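Only the coordinates and a few stated rules stand behind these numbers; no lab work does. Because the structure is predicted, anything quoted here is derived from the model rather than measured.
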Amino acid sequence: MKTGIMGGTFNPIHNGHLILAGHVMEEFGLDEIWFMPNGNPPHKQPEKTGAGMEDRLEMVKLAISGKPHFSLQPYEVEKDTVSYSYETMEYFKDAFPEREFFYIVGADSLFQMETWRHPDRFLHTCSIIAAKRDLSETDAAMEAQIRHLENTYETTILFSHSPVFEVSSSEIREMVEEGKDISRLVPSDVASYISDHHLYREE
């Protein structure tokens, strides 16, 4: 069972996340994608941006509803401690030995991965799918970094030219605060949830 893992704060989840998940699933023959909201990320504080943990979970549920190969993985949001990728993936590898894991990241993350907590332990648990959304990095630099990580950590890194989705979650939050229409950027049920629950608006 080939399982892709897409982590993030999903604050909010948007169409770009879903497009990327569908693309890499088809490109690499994955059987399923787990959307894994990060409850206590070490570098972000999502609760300060207008959407709490329960809101982010509910938006992910709404976004993937009716998509049988997509599922919500609540492991990290159910933890009380800070979530580190190596701990999560070591747990998954032990708990689900029948699954082969593929961790989906933006290609730019390859240049920061060695600053993550215990990258050697993390890269031992899964293959990496690096999705390149733009041309900000040269192909030569990217290929050199992939070779470096693979040789240093004995891991596998797969490279994906993913579809471009120009708007980020932070820009969507700004648009909502400014009263702009986001209906083409997020699933309709997510847009309705944001509106009904008055998310991302200054009180």
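Summary table below
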read-out	value
Kirkwood Rh in Å, taken over segment 49-120 so that all alpha-carbon pairs contribute	14.6
Taking the chain and dividing mean pair separation by its residue count, relative contact order in percent (alpha carbons under 8 Å, at least six apart)	25
Degrees separating the helix 53-64 axis from the principal Cα axis of the chain, which is the longest one	80
Segment 104-133 versus segment 165-192: alpha-carbon centroid distance in Å	28
Coordinate range along principal axes, alpha carbons of segment 84-203, Å, largest first	49, 38, 24
Value of D in µm² per second that Stokes-Einstein yields for the chain, Kirkwood Rh from Cα pairs, at 25 °C (0.890 mPa s)	139
